[in-house]
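The values are calculated or read from the model by the stated rules, or taken from the named source; none is laboratory data. Being a predicted model, the structure only gives us computed values, none of them experimental. Heads up, the Cβs are rebuilt from the backbone with ideal geometry, glycines too, and the neighbour counts pull from every protein chain shown.
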Amino acid sequence: MDTRTTDWIIKARNLTRTYEMGSTEVRALRGVDLTVEPGEMMAIMGTSGSGKSTLMNILGCLDRPTGGSYELQGIRVDSLSKNELADVRNQKLGFVFQGFNLLPRTSALENVELPLLYDRTGRDMNTRQMAVAALERVGLGDRMNHESSEMSGGQQQRVAIARALVTNPAVILADEPTGNLDTQTTLEIMSLFQELNDDGATILIVTHEQDIATYARRVIELRDGLVIRDEKLGIPQRASDAVAAYRESEMVGAA
């Protein structure tokens, strides 16, 4: 069910981040304003050194801004303690990485269940049932007992997406999620993200690939720590159409 509302889910104002490298200061972010509404699918773009990864780390509560404010669902995140930040990451954020970051010699089911085991809210949960449901949602109901070494790269990334989904987070943060995948698998993963977004999931994707950004609803581009583009794309291209076209071209080429 689509759960979009007109309220904001992320509000960042004048975010700055400065790193000290010896006697040199590196200003990775120089005053970024960003508002994200529930149900958006946004691509954050920029070349190396633009500040996009720094922004993602701050939005993901993995780093703190040097200045400015960041609110996530009404919580002033930039002033929280380390333990409070850990709770926000666990309860409100889901992460998908380029390298999958799955535990080796551990089943898909156990990987997806892991974030639930760190929940400190005291909620009564059937963690196994929730993990099964998340894997079924990404099309891996028949692979949940397989280990990472027994799965393809695309299947491993689907496990990672299920792990991000299992806590029902406010936002899914995906950092170059297709960087290690071939063309067809990339399109299949982007199709999955679009399906989740159609169901109301809020998704932020860091990418340097323009082709990936065309599947988002909104594109933010950074350069030298500043936002230089903020564009809503309207109705995005459908990755599922691209998957079908790619498969057809492969069949023609093999004929």
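Within the set of pairs 6+ apart or on separate chains, which have a first residue in region 70-86 that is within 22 Å of L29 (Cα to Cα), a second that is surrounded by 10 or more Cβ atoms within 10 Å (Cβ to Cβ) and of a type in the set (D, E), and C-beta atoms under 7 Å apart?
Listed by first residue and then by second, the contacts come to Y70/D78; V77/E71.
Kindly check whether there is at least one residue in region 166-187 that is surrounded by fewer than 16 Cβ atoms within 10 Å (Cβ to Cβ) and touching a Leu at 6+ places or on another chain (Cβ under 7 Å).
Among the residues of region 166-187, not one is surrounded by fewer than 16 Cβ atoms within 10 Å (Cβ to Cβ) and touching a Leu at 6+ places or on another chain (Cβ under 7 Å), which makes the answer no.
Just one of F100, F95 is modelled with pLDDT of 95 or more, among the aromatic types (F, W, Y), surrounded by 17 or more Cβ atoms within 10 Å (Cβ to Cβ) and under 30 Å from E209 (Cβ atoms); which is it?
F95
I need the full set of residues from region 29-76 which are part of a strand (DSSP E or B), over 15 Å from E176 (Cα atoms) and in contact with a Leu (Cβ under 6 Å, 6 or more places away or on another chain), in order please.
Listed by number, the residues that qualify are L29, R30, V32, G68.
Taking region 151-191 as the region of interest, how many residues are on the phi > 0 side of the Ramachandran plot and either in a helix (DSSP H, G or I) or without any contact (Cβ under 8 Å) to a residue 60 or more places away in the chain (or both)?
1
Give G22, G51 a once-over and let me know the one that is surrounded by fewer than 18 Cβ atoms within 10 Å (Cβ to Cβ) and either at pLDDT 95 or above or on the phi > 0 side of the Ramachandran plot (or both).
The unique qualifying residue is G22.
Any residue at all in region 228-238 that's aliphatic (A, V, I, L, M), in contact with a Lys or Arg (Cβ under 8 Å, 6 or more places away or on another chain) and modelled with pLDDT of 95 or more?
No, every residue in region 228-238 fails to be aliphatic (A, V, I, L, M), in contact with a Lys or Arg (Cβ under 8 Å, 6 or more places away or on another chain) and modelled with pLDDT of 95 or more.
Could you tell me which numbered condition D142 fails, if it satisfies all but one of (1) part of a helix (DSSP H, G or I); (2) surrounded by fewer than 13 Cβ atoms within 10 Å (Cβ to Cβ)?
(1)
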